[in-house]
Amino acid sequence: MLNVIELSRVIQGEGKFMGKPSLLIRMTNCNLHCIWCDSKQASWNAKKGKFTLNQIEDFIAKNPDIKYLFITGGNPTDTRNIKDLKAIISLVKSYGKFVYIEDNGTNYTEGLYLDFVSLSPKLSGSIPVGTRFEKNHKGYLKRQNTSLKQWNSNYDCQFKFVITEKADFSEMEFIVRDVGIKKDQVYLMPEGTTMDELNRNRKMVYGYALKQAYNYTERLHIVVYGNQEGI
Ligand code: SF4
């Protein structure tokens, strides 16, 4: 079995390709443990992989009408996933799909045959304070800009920032400056795994994005379905 726990036909809910009908492949395992993670089945409580490469090929072959395919997680470039990730990308490209990963960006990986990379740099509000993962998580955050610079130099990237509170904007701005990210690569997104949480943060993020000329992105899948697995 590959480290893949979900195959779905979806509407992309965030970022540059929001609204595009897409095929989703979810890999398990993540090197981070964000306190507000909305994919805990692939991080905090990482499930074991349950799909073979043949099953993934069947899934792709049965959906010839969809051009976009993204590999999400978990974290696709978690070191435990690299071998499987390369095999999946190679298969997907042989079907002529536009393929990209959604990744936390802390583990730069060269030589992936990707059309695009969607990165979600993490701010200090993601730290799982008081848990056994706190130290490891902080260590990755300290090193993340080095890795983000490498992604940005070698791939076509977008950078999605989850904003929880006003203080997050200055942290986000530091990363944008330090990494050398262009404004049109930035997508600001309100934090929230429920509609109530999203509603609380939406106006603040929308207003800031408009003022500073960043892209704003919704989290369509939560707006439509709430925090439901498999969406
Ligand atoms: S990087 Fe993504 S998958 Fe990993 S813990 Fe954070 S939110 Fe969850």
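When residues of region 28-50 are filtered for being over 16 Å from the mean Cα position of the chain (by Cα) and among the charged types (D, E, K, R), how many remain?
3
Of Asp84, Asp78, which residue is outside any helix (DSSP H, G or I), crowded, with 18+ Cβ neighbours inside 10 Å, touching a residue at least 12 places away in the same chain (Cβ under 8 Å) and among the acidic types (Asp, Glu)? Quick ask: steps written out before the conclusion?
Values: Asp84 fails: outside any helix (DSSP H, G or I).
Exactly one of Asp84, Asp78 is outside any helix (DSSP H, G or I), crowded, with 18+ Cβ neighbours inside 10 Å, touching a residue at least 12 places away in the same chain (Cβ under 8 Å) and among the acidic types (Asp, Glu), namely Asp78.
I'd like the full set of residues that are in contact (Cβ under 8 Å) with a residue 12 or more places away in the chain and on the phi > 0 side of the Ramachandran plot, limited to region 96-110.
Just the residues of region 96-110 that are in contact (Cβ under 8 Å) with a residue 12 or more places away in the chain, to begin with: 97-110.
Residue satisfying the conditions is Gly105 alone.
Determine if region 190-212 includes at least one residue that is closer than 30 Å to Ser90 by Cα and hydrophobic (A, V, I, L, M, F, W, C). Reasoning before the result, please.
Here is the first cut: in region 190-212, the residues closer than 30 Å to Ser90 by Cα are none.
For region 190-212, residues closer than 30 Å to Ser90 by Cα and hydrophobic (A, V, I, L, M, F, W, C): absent.
For Asn54, indicate whether it is closer than 18 Å to Ile89 by Cβ and without any contact (Cβ under 8 Å) to a residue 24 or more places away in the chain. Spell out how you get there, then give the answer.
Values: closer than 18 Å to Ile89 by Cβ: yes; without any contact (Cβ under 8 Å) to a residue 24 or more places away in the chain: yes.
Here the answer is yes, as Asn54 does meet what is asked.
Checking Leu69 against (1) assigned to a strand (DSSP E or B); (2) within 16 Å of the ligand (Cβ to nearest atom), only one condition comes out false. Which one?
Every condition holds for Leu69 apart from (2).
If we scan region 91-103, do we find a residue that is surrounded by fewer than 19 Cβ atoms within 10 Å (Cβ to Cβ) and under 18 Å from the mean Cα position of the chain (by Cα)? Before the answer, list the steps.
Applying the first criterion (surrounded by fewer than 19 Cβ atoms within 10 Å (Cβ to Cβ)) to region 91-103 yields 91, 93-96, 98.
With under 18 Å from the mean Cα position of the chain (by Cα) added as a condition, the list becomes 98.
Yes: region 91-103 contains one or more residues that are surrounded by fewer than 19 Cβ atoms within 10 Å (Cβ to Cβ) and under 18 Å from the mean Cα position of the chain (by Cα).
Got at least one residue in region 149-157 being within 11 Å of the ligand (Cβ to nearest atom), modelled with pLDDT of 95 or more and closer than 22 Å to Glu191 by Cα?
Of region 149-157, the ones within 11 Å of the ligand (Cβ to nearest atom) are none.
Within region 149-157, not a single residue is within 11 Å of the ligand (Cβ to nearest atom), modelled with pLDDT of 95 or more and closer than 22 Å to Glu191 by Cα.
Criterion first (modelled with pLDDT of 95 or more, within 14 Å of the ligand (Cβ to nearest atom) and acidic (Asp, Glu)) does Asp78 satisfy it?
Numbers: modelled with pLDDT of 95 or more: yes; within 14 Å of the ligand (Cβ to nearest atom): yes; acidic (Asp, Glu): yes.
Here the answer is yes, as Asp78 does meet what is asked.
Could you tell me whether any residue of region 30-40 is of a type in the set (D, E, K, R) and modelled with pLDDT of 95 or more?
Of the residues in region 30-40, the ones of a type in the set (D, E, K, R) are 38, 40.
In the following step, the residues that additionally are modelled with pLDDT of 95 or more were identified as none.
Checking region 30-40: not a single residue is of a type in the set (D, E, K, R) and modelled with pLDDT of 95 or more.
What are the residues in region 89-106 that are of a type in the set (Val, Ile, Thr) and touching a helix residue (DSSP H, G or I) at 6+ places or on another chain (Cβ under 9 Å), if any?
So in region 89-106, the residues of a type in the set (Val, Ile, Thr) come out as 89, 92, 99, 101, 106.
Across region 89-106, the qualifying residues are Val92, Val99, Ile101, Thr106.
Would you be able to tell me the number of residues in region 34-54 that are closer than 28 Å to Leu141 by Cβ and either away from the ligand (no atom under 15 Å from the Cβ) or surrounded by fewer than 20 Cβ atoms within 10 Å (Cβ to Cβ) (or both)?
Filtering region 34-54 for residues closer than 28 Å to Leu141 by Cβ gives 34-49.
Still in the list and also either away from the ligand (no atom under 15 Å from the Cβ) or surrounded by fewer than 20 Cβ atoms within 10 Å (Cβ to Cβ) (or both): 35-38, 40-41, 44-45, 47-49.
Here the count works out to 11.
The values are calculated or read from the model by the stated rules, or taken from the named source; none is laboratory data. Being a predicted model, the structure only gives us computed values, none of them experimental. Please note: Cβ atoms are built from the backbone with ideal geometry, for glycine as well, and neighbour counts cover all protein chains shown.
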